[in-house]
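A short write-up of the structure that comes next.
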Amino acid sequence: MAVSVDDAISRVHREEWARVVAGLARRFGDLDVAEEAAAEAFAVAVERWPSDGVPPNPGAWLTTTANRKAIDRLRRESKRDDRQKEAQLAYDEPVEPLGVIDDERLRLIFTCCHPALAPETRVALTLRMVGGLTVPEIARAFLVQETTMGQRITRAKAKIKAAKIPYRVPATEDLPARVTGVLAVLFLVFNEGYLATGPDTDPVRADLTAEAIRLTRLIRGLLPTDGEVAGLLALMLLTEARRTARVSATGELVPLGEQDRGVWDAELIAEGHQLVRERLAAGVAPGRYQILAAVNAVHTSARDVRDTDWSQIVALYNQLIRVDPSPVVALNRAIAIAELDGPEVALAAIDELEPALSGYHAYHATRADLLRRLGRSDDSRAAYDQAITLAGNTAEAAFLGRRRDQLG
């Protein structure tokens, strides 16, 4: 019984965390209160549900419990203005207008992604408040220390409170200026779900990928002609289509070239391809997400890995690196170049990225594979060891370990 309850609590946390936090933030207007009360409600569930049983409506139970915890905290804070406290305790409805789409989690994202916050802070705060990721998980995604990330999130919540940033979706005329930061956050939420960094989580978190797609669809409804919104949705759909083929029955990551393409989701691929075609037909210079979606469209168009049009992929990365000249883009471009010009040319290209990507597991994993293909087994083994040390994803670490052990 205990195991099934533990599983239920884990599932409810994945499904309800964002909704509970968003509801608390709407009611109390304080992200610290919302996060703490939600965490306390889940702690009570861990304590009570094994003996009392899982309630028929776990989300409602958690919301009620969290609201009580929040009210208890506010009543303990003697310095809080009495009239403000009374208003927060008495009313369930938000004072601010709800905006063009009434969705609490979308409002929470726009609050976390307010322009008053630094871009990296917006992402971290959203991953914590909406994605429910732990501070260590977020720190790994940003390649920074846990203490640094914890301080960053704490300062962000304090700034939102001090600046009285409204909890709402912006007005229609303000959306275009705000959406870029939100898309960046949703992309990282999706990536965390697609390749989870937590050692104690599932290697693929379908709850996060599904939520990122759901919210991106909502934003597309707000901005139907925005090319980057359509591009990000297409990118997510084409990536999500491959999810079930990415982890083997033994719990190892399956690289793209070895996946069973017969189990890819044809419906998601068709929708993603349609969005890519629409953006091409628009005749407007594409942004980052549109180019990445086009790369994935090429991959998902090939029925066999041997049919992949690598020259087109390299051309797209050449275009992308002009839009986004980041070392990660350069790394992915080098991977494609290896298929066209060989591993030696690609290895020379990625070795130039070492200072910027020395703490990035994918850099070392790519380098290990290229060295393996060149027959440099000792150097490859050392690179695999470094990649395994840095990899937070259990399925990826298992795959890298097997590849390392296969070296002659």
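The values are calculated or read from the model by the stated rules, or taken from the named source; none is laboratory data. Owing to the predicted nature of the structure, the values given are computational and were not obtained by experimental measurement. No Cβ is skipped: glycine too gets one built from the backbone with ideal geometry, and neighbour counts run over all protein chains shown. For accessibility, only protein heavy atoms count, side chains too; no ligands or nucleic acids. Shrake-Rupley method; radii C 1.70, N 1.55, O 1.52, S 1.80 Å.
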Karplus 3J(HN,Hα) series, Hz, for the stretch 279-296 with 6.51 cos²θ - 1.76 cosθ + 1.60 (x for Gly, Pro): 5, 4, 5, 5, x, 9, 4, x, x, 4, 5, 5, 5, 4, 5, 5, 4, 5
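With each run of n ≥ 4 DSSP H residues scored as -39500 (n - 2.57), what mean residue ellipticity at 222 nm is computed for the chain after dividing by its residue count and rounding to the nearest 500 deg cm²/dmol?
Value at 222 nm, helices only: -22500 deg cm²/dmol.
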Full-extension gain in nm, ALA158 to ASP260, via 0.36 nm per residue minus C-alpha separation: 32.0 nm
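What is the ratio of the Cα radius of gyration of the stretch 357-398 to 2.2 N^0.38 Å, with N the residue count, to two decimals? Provide the component values of the computation, followed by the final result.
On the way: Rg = 9.6 Å, N = 42, 2.2 N^0.38 = 9.1 Å.
Rg over 2.2 N^0.38 Å, computed on Cα atoms: 1.06.
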Overall form of the stretch 303-408 per C-alpha gyration tensor (a/c, 1.5; a/b vs b/c): prolate
Cβ-based charge dipole, the chain, positive-most Cα from LEU208, GLY375, ALA315: LEU208
Debye, to nearest 20: dipole size of the stretch 100-227, +1 on Lys, Arg Cβ, -1 on Asp, Glu Cβ: 480 debye
Residues whose placed amide H lies under 5 Å from that of VAL247, excluding near-sequence neighbours: VAL254
Relative contact order computed over the chain (Cα-Cα under 8 Å; 6+ residues apart), in percent: 11 percent
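Compute, for the stretch 294-408, the length of the dipole vector about the Cα centre, with Cβ point charges of +1 (Lys, Arg) and -1 (Asp, Glu) only. Units Debye, rounded to 20.
Working: 12 positive and 16 negative charges, 46 e Å.
Here the stretch 294-408 has a charge dipole of around 220 debye.
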Selected from THR225, PRO355, ILE269, residue furthest toward positive end of dipole (the stretch 220-361; charges at beta carbon): THR225
The stretch 360-403-the stretch 224-296 distance, computed between alpha-carbon centres (Å): 26 Å
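How far, in nm, would the chain grow between GLU47 and ASP379 when pulled straight, counting 0.36 nm per residue and subtracting the alpha carbon separation?
Working: separation 332, 0.36 × 332 = 119.52 nm, distance 4.99 nm.
The GLU47-ASP379 span can extend by a further 114.5 nm.
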Solvent-accessible surface (1.4 angstrom probe) belonging to LEU215, in square angstrom, nearest 10: 0 Å²
Rg and Dmax [Cα atoms of the stretch 191-284; Å; Rg one decimal, Dmax integer]: 14.6, 45
Cα gyration tensor shape for the stretch 156-243, rounded if a/c is under 1.5, else prolate or oblate: oblate
Per-residue SASA entry for ARG19, accessible area with 1.4 Å probe, Å² rounded to 10: 100 Å²
Within the chain: Cβ-based charge dipole about Cα centre, in debye rounded to nearest 20 (Lys, Arg +1; Asp, Glu -1): 840 debye
Vicinal HN-Hα couplings computed from phi for the stretch 10-19 (Karplus, 6.51 cos²θ - 1.76 cosθ + 1.60; Hz; Gly/Pro x): 4, 5, 5, 4, 5, 7, 10, 3, 4, 5
Integer Hz, Karplus 6.51/-1.76/1.60 couplings in order for the stretch 60-75, x for Gly and Pro: 5, 4, 5, 4, 4, 5, 5, 4, 5, 5, 5, 4, 4, 5, 5, 5
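Give the carbon-plus-sulfur fraction of the accessible surface of the stretch 112-270 in %, rounded to a whole number; probe 1.4 Å, heavy atoms of protein chains only. The partial results should precede the final answer.
Details: 3660 of 6540 Å².
After summing per-atom areas, the C and S share lands at 56 percent.
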Where GLU120, GLU352 fall by accessible area, highest first, once all protein chains stay in place (1.4 Å): GLU352, GLU120
Exposure of ASP226 as accessible area (Å², to 10), given a probe of 1.4 Å and all protein chains: 40 Å²
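Where only protein heavy atoms count, and the probe is 1.4 Å, what is the accessible area per residue for the chain in Å²?
Per residue, the chain has an accessible area of 47 Å².
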